[in-house]
Amino acid sequence: MWGTEKVQKQQLTQAQQQLNAQIESYAGKIQAFLTEINTIILDKEQQTKLALSCLLVGGHVLFEDLPGLGKTTLSSALSHLAGLQFQRIQFTNDMLASDVIGVNMFNQKEHQFEFKQGPIFTQILLADEINRCSPKTQSALLEAMEEGAVTVDGVRYSLPQPFWVIATQNPLFQSGTYALPESQLDRFLMRLSLGYPSRFAEKMLLQQNSRHALIASLAHIFTETEILNLQQLVTEIYVSDTALDYLLDLATETRKARHGLSTRGVLALKKAAQAHALIEQRSFVTADDIQAVFVAVAAHRIGLSEAETLYVMQQVKVS
């Protein structure tokens, strides 16, 4: 028995060393990504790091804020630096589901129907002002976001991989908006808000060139293969029993006298923490990683504000 345990420990050590080496090999590109994105979106380091966490785990991200605060600019910069195929949809109240997914069209020459792909057939989809379209059109994204595929007239079509949705939405008090259903909110790994820039950042924006020109001047940081490798690497980040117990304690706290985190929400919290640990160049999850992502992962799932969700987290002690 002792010999078996020793061999297992040696194998674990070797696996840990290999994982650390892989993390170190990507550290430079991850830091370059954050550096470049922060030259576009000033003074929002926490939000950009969380957005990168979503990319590395393959989780969709929803930006919610007032118009004109940089949601679309950040989304465009993320897409450009990721180096993947990109499509943008400007959602309006007259859009149909077929405008997103695609439609079967009759080919008179071949005398048969052919599927014409919609803009959702891309690797990164920017769903701009997603809550300006009707709930029926919003629902067209549900299968795609959950399964990476769409079904049209009974035929299932796989989407390119990796597939990542970056969505923006305006506050519901603005005219012409529709609340996203809970089922769709749950598809987003995180909901982020930029808020107003600091006075220093806003002055810099006034002095510099257009954000679009700056984005176009940036080089791609990652390749498709690297993104897929990083997403696989995230799944290998170690989560100890202590960290798992902390995740479950947080989930239990959210369920007291309210509709709390679902099991899918707890899994999302674990994945987000693993991605955050990778960005911090660690091969294991700590309580700091869980706390860094908790509000962004949990708030939109339990129907609380960021401040209320933070208060819930603070009620759970770290063992």
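The values are calculated or read from the model by the stated rules, or taken from the named source; none is laboratory data. Just so you know, these numbers come straight off a predicted model, no measurement behind them. So basically every Cβ, Gly included, is an ideal-geometry build from the backbone, and we count neighbours across all protein chains shown.
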Specify the residue that is surrounded by the most Cβ atoms within 10 Å (Cβ to Cβ); the eligible residues are those in the stretch 276-319 that are among the small types (Gly, Ala, Ser) and more than 14 Å from VAL266 (Cα to Cα).
-> ALA277
Subset of the stretch 147-170 that is among the β-branched types (Val, Ile, Thr) and surrounded by 14 or more Cβ atoms within 10 Å (Cβ to Cβ) - its residue that is nearest to GLN232 (Cα to Cα) | VAL165
Could you figure out which of (1) touching a residue at least 12 places away in the same chain (Cβ under 8 Å); (2) touching a strand residue (DSSP E or B) at 6+ places or on another chain (Cβ under 8 Å) isn't true of VAL234?
-> (2)
Count - residues of the stretch 157-210 that are of a type in the set (D, E, K, R) and either in contact with a helix residue (DSSP H, G or I) (Cβ under 9 Å, 6 or more places away or on another chain) or not assigned by TED's automatic domain parsing to the domain that holds LYS49 (or both) | 4
Count, please, the residues in the stretch 31-67 that happen to be modelled with pLDDT of 90 or more, surrounded by fewer than 20 Cβ atoms within 10 Å (Cβ to Cβ) and hydrophobic (A, V, I, L, M, F, W, C).
-> 2
Looking at the stretch 103-122, is at least one residue within 24 Å of ILE37 (Cβ to Cβ) and under 16 Å from the mean Cα position of the chain (by Cα)?
-> yes
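Rundown of residues vs (1) out of contact with any strand residue (DSSP E or B) (no Cβ under 8 Å at 6 or more places or on another chain); (2) in a helix (DSSP H, G or I), yes/no style:
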residue	(1), (2)
GLN18	yes, yes
LYS29	yes, yes
THR35	yes, yes
LEU52	yes, yes
LEU55	no, yes
VAL61	no, no
LEU74	no, yes
Restricting the stretch 68-87 to residues that are touching a Pro at 6+ places or on another chain (Cβ under 9 Å) and more than 28 Å from LEU233 (Cα to Cα), which is surrounded by the most Cβ atoms within 10 Å (Cβ to Cβ)?
-> GLY70
Identity of the residue in the stretch 119-146, over 23 Å from THR73 (Cα atoms) and in contact with a strand residue (DSSP E or B) (Cβ under 9 Å, 6 or more places away or on another chain), that ends up surrounded by the fewest Cβ atoms within 10 Å (Cβ to Cβ) = GLU143
Hey, among ASP99, ASP128, which residue is of a type in the set (D, E, K, R), in contact with a helix residue (DSSP H, G or I) (Cβ under 7 Å, 6 or more places away or on another chain) and modelled with pLDDT of 85 or more?
-> ASP128
Set ALA298, ALA251: member being assigned to a helix (DSSP H, G or I), more than 14 Å from the chain's Cα centre (by Cα) and farther than 26 Å from GLY28 by Cα = ALA251
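Which helices (runs of 4 or more DSSP H) does the stretch 82-196 wholly contain that include 3 or more residues that are over 30 Å from GLN291 (Cβ atoms)?
Qualifying helices (runs of 4 or more DSSP H): 97-101, 135-138, 142-147.
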